[in-house]
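Enquirer: Mind having a look at this structure? Questions to follow.
The values are calculated or read from the model by the stated rules, or taken from the named source; none is laboratory data. Computed from a predicted model, the values in this text were never measured in an experiment. Positions of Cβ are generated from backbone atoms using ideal geometry, with glycine treated the same way; all protein chains shown enter the neighbour counts. These area figures cover heavy atoms from the full protein model, side chains too; ligands, DNA and RNA do not enter into them. Shrake-Rupley method; radii C 1.70, N 1.55, O 1.52, S 1.80 Å.
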Amino acid sequence: MGRERWQLPRAATRPVSVDSSVSRGGSVDPVTRRSFRILFGCLVCVGMGHSIAFSVLPPLARELGISEFQAGTVFSVSALLWVLTSTAWGRRSDDWGRRPVILIGLVGYAVSTLAFAVAAHAGLAAVLSVAVVYPLLIGSRAIFGAIGSGIFPAAQAYIVDRTSPEQRIAGVATISAALGLGTAAGPALGVALVAFGLVAPLYAVGVIAAISAVVIWRWLPEHRPPVQLRASARMSPWDARVRPFILIGLAQSTVQAILMQTIGFYYMDSLSLDPRRAAAVAGIGLSAFALATLAAQLALMRSGRLGAATLLVLGGAVGLGACGLLIAPASFVSLTAGMAFAGLAMGMLRPGNAAAISLSVGPDHQGAAAGLLGATAAAGWVMAPVLGAGLYQIWPVGPYVLSAFLLASIGLLARIHPGVRNLR
């Protein structure tokens with residue numbers, strides 16, 4: 001792929017940002033273009049960590065003797081803290097600037113991932129009992145939930161500050177594409193390193209995250225806070241401007257959390273695989289999901305023809321079809337195809353909804369709105385152990401039936417709600 005395809009859209013003639021790296025003529029100078037690429041690379045690292053954790057945890061849980069529900073709670077506790085802190089970090093980025101919040105989040109992410117790997121390693125080596133390892137796993141992920149939650153709202157606001165409303169979908173899609181690229185590369189890295197042990201990929205991601213934090217500290221420019229209209233602007237999730245997008249974000253994140261937390265077990269049980277084989281096979285399904293997500297986001301980066309409301313309707317419809325494949329009699333082909341179509345749906349829903357909420361508020365609320373959306377995204381992970389892993393233990397296809405209902409609801413809401421349908 002050519003170099004120019006990875007460049008972000010040009011900024012508006014009168015950008016919101018007051019950062020001196022954005023020129024008055026509407027173009028983005030080389031320093032700012034480089035900063036976008038730096039941010040892109042660091043978000044790739046975060047995406048890698050997510051997908052590796054989801055592909056490694058199911059077989060790791062079986063090796064440690066942790067149930068499906070307990071494995072789900074490892075992520076749900078982190079997600080609960082994410083819900084409680086994401087909005088606050090978004091407001092802090094309005095006040096302090098985007099770069100400090102991104103840096104703090106990456107440091108928390110590196111510490112969390114390395115601590116998780118050490119605890120899991122100690123359990124596999126029988127140095128610590130499961131009764132000790134299980135709360136350590138929860139505690140290590142809690143660091144990411146409490147501190148790492150600042151990465152995404154600050155990164156989204158960093159891009160939004162430097163793009164015009166007309167280019168908002170393309171700009172937000174760039175952030176999602178970075179996460180998608182990392183999500184696609186993560187399972188491949190996991191498959192390559194799992195031969196050295198189930199926790200080897202986690203050690204690798206922790207080191208990469210630490211390097212990313214150093215890169216942000218040294219080379220991501222921000223001379224002063226991008227938004228200075230009103231520091232720490234507060235916004236309620238019940239605000240009529242953002243309410244439909246909060247509901248859509250909650251449904252979308254719940255579906256994604258259900259898929260990520262159960263698909264490893266579903267591959268393992270429906271195809272009768274041993275834990276190590278399941279880690280590799282589930283990694284293929286997660287890679288298909290991530291590659292399809294990435295393809296959709298790269299297409300959005302290059303084209304501004306589809307509006308936010310259209311993306312939400314299409315994403316709901318494609319996701320509904322994906323769930324149909326997952327509910328059908330299980331085979332490697334049907335499961336992997338279902339994950340690919342689900343990834344395509346997420347690749348439309350996430351940037352479409354993020355662009356929509358950004359366009360629904362003014363420049364002084366961008367960090368707060370991004371933080372709210374980040375909180376709703378994490379809320380899905382709080383409910384996933386009950387709605388996903390808990391339901392899976394009773395009815396293995398139940399999580400995908402529920403996902404089909406939620407995706408159909410997203411498409412319907414985007415089609416009939418005037419706040420979404422009339423968005424310009």
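Enquirer: Out of the residues in the stretch 104-115 that are under 14 Å from Phe152 (Cβ atoms) and not β-branched (Val, Ile, Thr), state the one that is farthest from the chain's Cα centre (by Cα).
Expert: Ranking the candidates gives Gly108 first.
Enquirer: Hey, another quick one. Using beta carbons and a limit of 7 Å, which pairs, at least six apart or on different chains, have the first residue in the stretch 254-281 and more than 17 Å from Leu407 (Cβ to Cβ) and the second one of a type in the set (Lys, Arg)?
Expert: Note: pairs meeting the criteria are Pro275/Arg62.
Enquirer: Mind listing whichever residues of the stretch 313-337 are open to solvent by less than 10 Å² (accessible area, probe 1.4 Å) and either farther than 20 Å from Val420 by Cα or acidic (Asp, Glu) (or both)?
Expert: Initially, the stretch 313-337 is screened for residues open to solvent by less than 10 Å² (accessible area, probe 1.4 Å), giving 315-316, 319, 322-323, 326, 335.
Hits for the stretch 313-337 are Ala322, Cys323, Leu326, Leu335.
Enquirer: Evaluate the following for Thr262: is it assigned to a helix (DSSP H, G or I), crowded, with 20+ Cβ neighbours inside 10 Å, at pLDDT 85 or above and out of contact with any Leu (no Cβ under 7 Å at 6 or more places or on another chain)?
Expert: Considered against the rule, which asks whether it is assigned to a helix (DSSP H, G or I), crowded, with 20+ Cβ neighbours inside 10 Å, at pLDDT 85 or above and out of contact with any Leu (no Cβ under 7 Å at 6 or more places or on another chain), Thr262 comes out as yes.
Enquirer: Additional query: Applying the selection to the stretch 387-408, what residues are open to solvent by 50 Å² or more (accessible area, probe 1.4 Å) and touching a residue at least 60 places away in the same chain (Cβ under 8 Å)?
Expert: Once the filter is applied, which keeps residues that are open to solvent by 50 Å² or more (accessible area, probe 1.4 Å) and touching a residue at least 60 places away in the same chain (Cβ under 8 Å), the stretch 387-408 yields Leu387, Gln393, Pro396, Val401.
Enquirer: Could you list all residues from the stretch 46-73 that are at pLDDT 85 or above, buried (at least 23 other Cβ atoms within 10 Å of the Cβ) and in contact with a Phe, Trp or Tyr (Cβ under 8 Å, 6 or more places away or on another chain)?
Expert: Hit for the stretch 46-73 is Val46, nothing else.
Enquirer: Let me ask something else about it. Considering each of Leu300, Leu306 in turn, give the residue that is outside any helix (DSSP H, G or I), open to solvent by 10 Å² or more (accessible area, probe 1.4 Å) and modelled with pLDDT under 90.
Expert: Leu306
Enquirer: Moving on to the next point. Can you go through Ala184, Ala115, Ala157, Ala213 and tell me which one is of a type in the set (A, V, I, L, M, F, W, C), modelled with pLDDT of 90 or more and in contact with a Ser or Thr (Cβ under 7 Å, 6 or more places away or on another chain)?
Expert: On inspection, the qualifying residue turns out to be Ala115.
Enquirer: Say whether the condition of being at pLDDT 90 or above and closer than 30 Å to Phe196 by Cα is met by at least one residue in the stretch 93-105.
Expert: Within the stretch 93-105 (the criterion being at pLDDT 90 or above and closer than 30 Å to Phe196 by Cα), the answer is yes, since at least one residue qualifies.
Enquirer: Enumerate the helices (runs of 4 or more DSSP H) found wholly within the stretch 113-213, keeping only those where 2 or more residues are hydrophobic (A, V, I, L, M, F, W, C) and open to solvent by 30 Å² or more (accessible area, probe 1.4 Å).
Expert: Because the criterion is at least 2 residues that are hydrophobic (A, V, I, L, M, F, W, C) and open to solvent by 30 Å² or more (accessible area, probe 1.4 Å), the helices (runs of 4 or more DSSP H) in the stretch 113-213 that meet it are 130-147, 168-193.
Enquirer: Go over the candidates Gly347, Gly319 one by one and state the one that is part of a helix (DSSP H, G or I), closer than 30 Å to Ser67 by Cβ and not hydrophobic (A, V, I, L, M, F, W, C). I'd like the intermediate steps shown before the answer.
Expert: On the way: Gly347 fails: closer than 30 Å to Ser67 by Cβ.
Selected residue: Gly319, the only one of Gly347, Gly319 that is part of a helix (DSSP H, G or I), closer than 30 Å to Ser67 by Cβ and not hydrophobic (A, V, I, L, M, F, W, C).
Enquirer: Of the conditions (1) open to solvent by less than 10 Å² (accessible area, probe 1.4 Å); (2) closer than 21 Å to Phe36 by Cα; (3) out of contact with any Asp or Glu (no Cβ under 8 Å at 6 or more places or on another chain), Asp94 fails just one. Which one is it?
Expert: (3)
Enquirer: Answer yes or no as to whether Arg241 is in contact with a helix residue (DSSP H, G or I) (Cβ under 9 Å, 6 or more places away or on another chain), part of a helix (DSSP H, G or I), surrounded by fewer than 24 Cβ atoms within 10 Å (Cβ to Cβ) and basic (Lys, Arg).
Expert: Here the answer is no, as Arg241 does not meet what is asked.
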